[in-house]
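Note sheet for the following structure.
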Amino acid sequence: KDIRTGRINAILVWKENRLARNPKESGIIVQLLQDRVLECIYVVSSNTIITPDSDHMISQIHFMMANQFSRNLSSDVRRGLEYKAKRGEYPRPAPLGFETYGEVRKRNIRPSKEASPQIRQLFELGATGEYSLTGLHKYADMQGFRTRRGKGISKSHLHSILTNPVYYGQFYHNGE
């Protein structure tokens with residue numbers, strides 16, 4: 001929006017893959033260059049300046065390579081997560097209220113003895129139907145509920161906890 005209104009006329013970006021992750025985005029950017037709405041794009045990692053007079057075919061090749069890199073990375077990450085799950089390993093860092101246990105390549109998660117009672121209480125209060133998300137958030141704040149970094153939990157983080165299937169039924173098994 002700022003580029004189209006003329007408020008911004010240049011882009012500084014680390015790599016092309018930070019700028020255009022799909023053909024539509026790269027086409028828009030090249031068109032903005034050709035229309036001289038954008039005066040230049042400076043790509044820091046390659047010390048490249050792309051201007052309206054640059055060879056846009058080369059720019060499109062770079063953007064398409066960035067797009068393919070992004071697609072390959074997504075596929076590789078998905079495959080790695082699926083492989084961990086098939087091994088019975090929880091494929092991500094332990095969510096708030098859980099702890100990691102087990103040997104490397106066999107790690108799993110279980111409710112943490114310290115934080116799980118607080119999370120269980122939030123679920124129980126939410127299940128009464130008497131609390132909105134805002135009310136639960138205020139309650140959690142008043143009870144001193146904190147993230148691993150010691151900060152108060154945000155309302156969006158609380159919402160993600162309350163809607164994350166990982167938590168369903170976990171806190172009624174005494175941490176086992």
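The values are calculated or read from the model by the stated rules, or taken from the named source; none is laboratory data. Every value quoted in this text rests on a predicted model; they were computed, and no experiment measured them. Every residue, glycine as well, gets a Cβ built from its backbone with ideal geometry; the counts of neighbours run over all protein chains shown. For the accessible areas, the whole protein counts, side chains as well, though only heavy atoms, and no ligand, DNA or RNA atoms are used. Shrake-Rupley method; radii C 1.70, N 1.55, O 1.52, S 1.80 Å.
Mind checking the stretch 10-72 for GluC sites (Glu not before Pro) that DSSP puts in a loop (not H, G, I, E or B) and that have at most 15 other Cβ atoms within 10 Å?
On the way: sites: Glu16, Glu25, Glu39; in loops: Glu39.
In loop regions of the stretch 10-72 (DSSP not H, G, I, E or B), the sparsely surrounded GluC sites (Glu not before Pro) are Glu39.
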Checklist entry - Could you give the distance between the Cα centres of the stretch 86-122 and the stretch 9-26, to the whole Å? => result 37 Å
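Given 37 °C and 0.692 mPa s, compute D for the stretch 26-94 with the Stokes-Einstein relation, Rh being the Kirkwood radius over Cα pairs; round to the nearest whole µm²/s. Spell out each step's value before the answer.
Details: Rh = 14.6 Å.
Value of D from the Cα-based Kirkwood radius: 225 µm²/s.
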Next on the checklist: Normalised by the empirical 2.2 N^0.38 Å for globular proteins, what value does the Cα Rg of the stretch 66-154 take?
Outcome noted: 1.45
Checklist entry - Which order do Leu73, Leu136, Leu12, Leu125 take when ranked by solvent-accessible area (1.4 Å probe, heavy atoms of all protein chains), largest first? => result Leu12, Leu73, Leu125, Leu136
Checklist entry - In the stretch 1-138, with Lys and Arg counted as +1 and Asp and Glu as -1 at Cβ, which of these residues, Met57, Ser74, Ala10, has the Cα nearest the positive end of the dipole, that is, farthest along it? => result Ser74
Next on the checklist: Please return the longest range in the chain lying between exposed loop sites, taking chymotrypsin sites (Phe, Trp or Tyr not before Pro), DSSP loop only, at most 13 other beta-carbon atoms within 10 Å, and leaving the sites out.
Outcome noted: 15-167
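From the C-alpha gyration tensor of the chain, pull out the three semi-axes of the equivalent ellipsoid (sqrt of 5λ each), sorted largest to smallest, in whole Å.
46, 23, 13
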Checklist entry - Excluding ligands, DNA and RNA, what is the solvent-accessible area per residue of the stretch 61-176 at a probe of 1.4 Å, expressed in Å²? => result 69 Å²
Checklist entry - Name the trypsin sites (Lys or Arg not before Pro) in the stretch 67-103 that are in a loop by DSSP and that have at most 14 other C-beta atoms within 10 Å, would you? => result Arg87
Next on the checklist: In whole Hz and in residue order, list the ³J(HN,Hα) couplings for the stretch 121-135 that follow from phi through the Karplus curve 6.51 cos²θ - 1.76 cosθ + 1.60, θ = phi - 60°; x for Gly and Pro.
Outcome noted: 5, 4, 5, 5, 5, x, 5, 5, x, 8, 10, 7, 4, 4, x
Next on the checklist: Under the rule of at least 5 residues apart or a separate chain, name every residue whose amide H is placed under 5 Å from the amide H of Glu99.
Outcome noted: Arg110, Ser112
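Go through the stretch 105-145 and name the GluC sites (Glu not before Pro) that are in a DSSP coil and have 12 or fewer other Cβ atoms within 10 Å of their Cβ.
On the way: sites: Glu114, Glu124, Glu130; in loops: Glu114, Glu130.
Counting only loop positions with at most 12 other Cβ atoms within 10 Å, the GluC sites (Glu not before Pro) in the stretch 105-145 are Glu114, Glu130.
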